Amino acid sequence: MSWITIVWSMNAAACLTLATIYLLVWSKQRERWAYLVLSCNAVAGAALTAFELWLLRAQSAEEYAEILRWTQLPVWSLIVTLVVFVRLYLGAGRLWLAWSVCGARTLALILNFIFTPNLSYRQITGLRQVSWWGGETVSVPVGVTNPWILVAQLSLVLLVIFFVDATITAWRRGDRQRALVVGGALIFSSTIAIGQGVLVVWGIIELPFLACFSYLGLIAAMGYEVSIDMLHRAKLSRQLQASEADLHEARERMELAANAADLGMWMWDIPRDEIWITDKGRALFGFGASEKVDLDRFKDVLHPEDRQWVLEALENTLRTGADYEAEYRVTLPQGQLRWIAGRGQVEFDRDCQPVRLRGAAFDITNRKQAELEAARHRNEMAHLSRVTTLGELSGSLAHELNRPLGAILSNAQAAQRMLANGGIDIAEFREILNEIVSENKRAAEVIRRLRLWLQKGEVQQHSLRINMVVRDVLKLIRTDLISQNVSVNTELARDLPTVTGDPVQLQQVLVNLVVNACDAMADCDTRERRLRIRTGIENGGDAVIVSVTDRGGGIPAEEMEQIFEPFFTTKAKGMGLGLSVCRTLIAAHRGKLWATNNAERGATFHFTLPKDASAKEVLIT
C-alpha cells in the first residue's frame with residue numbers, strides 16, 4: 001500500500017474520530033449546538049479527504065472531471081458548517097456576511113451541476129502524471145478553466161472576510177483566546193487552502209488539490225479549543241457541585257443558627273418569583289412544609305391594613321437599593337395575628353436589575369404587646385397627672401366659669417326687671433340676649449376644654465401647629481396667671497412647619513411647664529414674675545423647639561436630671577409625676593425634653609418635636 005493512501009486514510013480517520021467524539025458530547029449536552037455542527041464539519045472534512053485521494057488516483061480525464069464535480073458537495077458542507085460554527089461558538093461575525101457566503105456557495109454548487117463537466121473546468125483535455133515524494137505518481141488535470149469558477153472563488157473570499165470580522169469582534173469583546181486560536185486558525189488555514197486551489201484551477205502551478213491538509217490543521221485547532229472549553233466546563237461543573245454541597249451545608253448551618261436565634265431566613269428569586277424560606281420562617285408565616293411560596297402567597301398572609309405599605313417598602317427597596325425594613329401583622333391559618341419584623345438587602349445584576357432579595361424575619365408579637373401595655377400605663381399616668389394638675393388649677397377654672405355664669409345671671413335679672421316694668425326697649429333687650437348667648441358659649445368652651453383634657457383614651461396623632469397649642473394652653477390657664485400676677489411674653493415664630501402629635505398630651509406638657517414656672521416665681525417680687533414662651537426651629541431645620549422660661553431661683557446642678565425622675569419633687573404637696581410624665585409624652589412623640597439654667601436667673605425648659613414629614617405646605621401661624 002502506498003504512503004499516499006495511508007496518509008490520506010489517516011487524515012480521514014482523524015476527522016471521523018473527531019466527528020464521533022463531538023457527536024457523543026453533543027448527545028450529552030444538547031444545548032451546545034456548536035458541538036453537533038463541528039461533528040458535521042468533521043464528517044465533511046473526511047469526505048473531502050476521500051474525494052481528494054480519489055482524484056489523486058484518477059486514470060482518465062472523464063473520471064477526474066466527474067470526481068471533481070461531486071467534490072463540490074463536501075466543500076459546500078464544509079463552508080456552510082464553518083460559518084454556522086463561528087456564529088454559534090464565537091458568537092460573532094456579521095449576519096449579512098454569513099448569508100452572503102452561504103448564498104454564493106450554494107449558487108456555485110448549483111452552477112457546478114449545470115455546467116459540463118463541472119464548475120472548475122470548461123474542458124479537461126488530459127491528465128498529467130506527476131512524480132511525488134518517494135516515487136509516487138499522482139494525477140494533475142490539464143484543461144480550460146471555466147470562468148464561472150469566479151462565483152465559487154467569490155464565496156471563498158467572502159468566507160475569509162467573514163472569519164476576519166468574527167475574529168476582530170471576539171477580540172474586542174475580550175474573548176481573546178478563542179479569537180486567537182479559532183479565528184487565527186480559520187483565517188490561516190482557509191487562506192492557504194483557497195490560494196492553493198485557485199493556483200491549481202488557473203494552471204499556475206502543477207499540483208494536485210491538497211485542501212484536506214489545511215483542513216486537518218484547522219479542525220485540530222478548533223478541536224483543541226473546544227476540548228479546552230469542555231475541560232473548563234467540566235472543571236466548573238465539579239466546582240459548582242462542590243459549591244452546591246458547601247452551599248447546602250452552609251444553608252443547614254445557617255438554618256440551625258437562625259432557629260437558635262428564632263429567625264426565619266428567606267430569599268426571593270425576583271425573576272422567577274420564587275421565595276425560599278427556612279422551616280422556622282414557614283412556621284412564622286403559617287406556610288405549609290412543602291407549600292410553594294411566591295409574592296402573591298406572601299401578600300395573602302399580610303394583614304389588610306399593613307399590606308399596602310409593606311408592598312411600598314418592597315418597591316422602594318427594589319427601585320433604590322435601600323435596605324428593606326418593615327414591621328407588620330400576618331394572619332395565621334387559625335385566624336390569630338402575629339407581628340413580624342422583616343429585614344433584607346437586594347442584589348442587582350450587571351444591568352442594574354434586581355435579581356434577589358435576601359433577609360430574615362422574626363416574631364415581635366411579645367414586644368408589640370409590651371409596647372401596647374406600656375402605652376396603656378403611660379396614658380393612665382398621663383390622665384392621673386392631668387387630674388392632679390386640675391386640682392392645682394381649680395381656683396383658676398372656677399373663676400373662668402364664674403365670670404360667664406355671673407354675666408348670664410346679671411343679664412337674665414336685667415331682662416326680668418324690664419319685663420316686670422313693662423317698658424321694654426327692644427334694642428336693649430336684644431343686646432341682653434346676645435350677651436347671654438355669648439357668655440353661655442364661653443362657659444361651654446371652658447367646659448369642653450376641660451372634658452377634652454380630662455378624658456381617657458388612646459393617643460390621637462394629628463398634623464398640628466404648635467403655636468395653636470401654645471395659645472390654647474394660655475386660654476386655659478389665663479385666669480390662674482392673672483391671680484398669681486404672672487405676665488406672659490410670647491415669641492411665636494412664623495412659618496413654622498407642622499408637627500405630628502396628640503394635641504391634648506402636648507397641652508398637658510405645656511400646662512405642667514407653665515404651672516411649674518409660676519410656682520418657681522411664687523417668692524419673687526411681683527415685677528419679676530415674667531414668663532416667656534418661645535417657639536422656633538431647632539438648628540438643622542428638622543425639628544420645632546418650644547421653650548418656657550421663668551425668673552425663679554433656678555435648678556440646683558445636682559437636681560438637673562433628678563427632676564425628671566418619677567416621684568421626685570421639690571414642692572411640699574407635689575406628687576413628683578408632672579415632669580416625669582412630660583418627658584415620657586415628649587419621648588413618645590419622638591422628641592426630647594430637657595432643662596437649663598438661665599445666665600441671669602431662673603430656668604428654661606425646652607422640648608423638641610420632629611416636623612411632619614408628610615406636610616405638603618407650610619402653615620403660617
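Nothing in this text is a laboratory measurement; each read-out follows from the coordinates by a stated rule. Remember, predicted model here, so these are calculated numbers, not experimental data. Using ideal geometry, Cβ is built from the backbone for each residue, glycine included, and neighbour counts are taken over all protein chains shown.
Protection proxy ranking for 274-282, 91-99, using the average of other Cβ atoms within 10 Å per residue and placing the highest first: 274-282, 91-99. Each of Ala44, Leu82, Val25 was scored by the projection of its Cα onto the charge dipole of region 1-86, and the greatest displacement toward the positive side belongs to Val25; charges sit on the C-beta of Lys, Arg, Asp and Glu.
What is the mean projected area of the alpha carbon convex hull for region 261-363, to one decimal in square nanometres?
On the way: hull surface 25.2 nm².
One quarter of the hull surface, i.e. the mean projection, equals 6.3 nm².
Based on alpha-carbon centroids, what's the gap between region 539-554 and region 299-350 in Å, whole number please? Answer, in whole Å: 40. Once C-alpha pairs closer than 8 Å and six or more residues apart are averaged by separation and normalised to the residue number of region 261-363, the relative contact order reads 30 percent. Inter-label distance, Lys441 to Phe348: 6.0 nm, where each label sits 7 Å from its Cα along the C-beta direction.
Excluding Leu496 itself, what net charge comes from residues whose Cβ is under 9 Å from its Cβ, given Lys and Arg +1 and Asp and Glu -1?
Values: positive: Arg465, Arg494, Lys611; negative: Asp495.
Result for the neighbourhood of Leu496: +2.
For region 48-89 and region 164-197, what is the separation of their C-alpha centers, rounded to whole Å? The distance from the Cα centre of region 48-89 to that of region 164-197 comes to 22 Å.
Using the structure shown, select from Lys475/Lys611; Lys299/Lys368; Lys280/Lys368; Lys368/Lys611; Lys299/Lys592 the pairs with a Cα to Cα distance greater than 31 angstrom. Each step should come with its number before you reach the end.
Details: Lys475/Lys611 25 Å; Lys299/Lys368 21 Å; Lys280/Lys368 20 Å; Lys368/Lys611 25 Å; Lys299/Lys592 38 Å.
Checking Cα-Cα distances, Lys299/Lys592 exceed 31 Å.
Here r is the Cβ-Cβ distance between Thr116 and Ala283 and R0 is 60 Å; the resulting FRET efficiency, rounded to 0.05, is 0.10.
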